[in-house]
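A quick write-up on the structure given underneath.
The values are calculated or read from the model by the stated rules, or taken from the named source; none is laboratory data. Since we're looking at a predicted model, the values are computed, not measured. Quick reminder, even Gly has a Cβ in these numbers, built from the backbone with ideal geometry, and neighbours come from all protein chains shown. Calculation scope for accessible area: heavy atoms of the full protein, side chains included, ligands and nucleic acids excluded. Shrake-Rupley method; radii C 1.70, N 1.55, O 1.52, S 1.80 Å.
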Amino acid sequence: MTIESLLAFAAAMVVFGLTPGPAVLGIVARCLAGGFRAGISFNLGVVAGDLIFLAFAVYGLSAIAAAMGEVFVVVKWLGAGYLIWLGIQLWRSAPVPLDADPAALPVTAKDARSGLLAGLLLALGNPKGILFYGAFLPTFMDVRAITHADMAWLSVVTVVTLSAVNYGYGLLAARARRWFRSRRALTALNRGSGTVMIGAGLMVAAR
């Protein structure tokens, strides 16, 4: 793997991450409702799912992943259902008071686990992910010649690019909280965030 192919892969991953999809909707919804920190664990789950699919593609496990189609279908529906449930919870939850710093809102261990699970289920619930990486990587490099060191670099690029894009969306969403001051406005924000989260779940279910 050359530096040029790695940089091309990084650029393509940025474009891929910037394209609105369930992951972007999910992190925006969480950061709108709970501040920037609420989206950190969600992104970690999404990135972990992408790394699993990347490993499938690099180590020639695409055929195994395809054979596990029924498993991915189950995960897809679990992920869609969980996202919809989180959206309903946002609709029903009391508004979180605004802090001066939108990144300073507290996140409980339960919230972190919930975000991590939601992000992971969302990523793994898209069986097209393995097909994407399986068709995507060969356009930049010879997959059969990838070493463990190359895999490490690909993993770093995947984590950095997807996290940068997702956290960028999340920070913008967290800062948008500043526009909502009254309890009534915050309640509307929660319900809007819940609707976005439900939309992410429906998007996963429709794929």
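Neighbours of Ala12, meaning other residues whose beta-carbon lies under 15 angstrom from its beta-carbon, give a summed charge of -2 when Lys and Arg score +1 and Asp and Glu score -1.
Judged by the mean number of other Cβ atoms found within 10 Å, the most tightly packed of the peptides 42-50, 24-32, 134-142 leads the ranking 24-32, 42-50, 134-142. Relative to the current alpha-carbon distance between His148 and Trp77, full extension at 0.36 nm per residue lengthens the span by 22.2 nm. Given their separation in residues at 0.36 nm each and the Cα-Cα distance between them, Val15 and Ala205 gain 66.1 nm when the chain is fully extended. Which distance in nm do the two modelled labels at Leu171 and Thr108 give, with both placed 7 Å along the Cα-to-Cβ direction? Calculated label separation equals 2.9 nm. In the assembled protein chains, Thr147 presents an accessible area of approximately 70 Å² (probe radius 1.4 Å).
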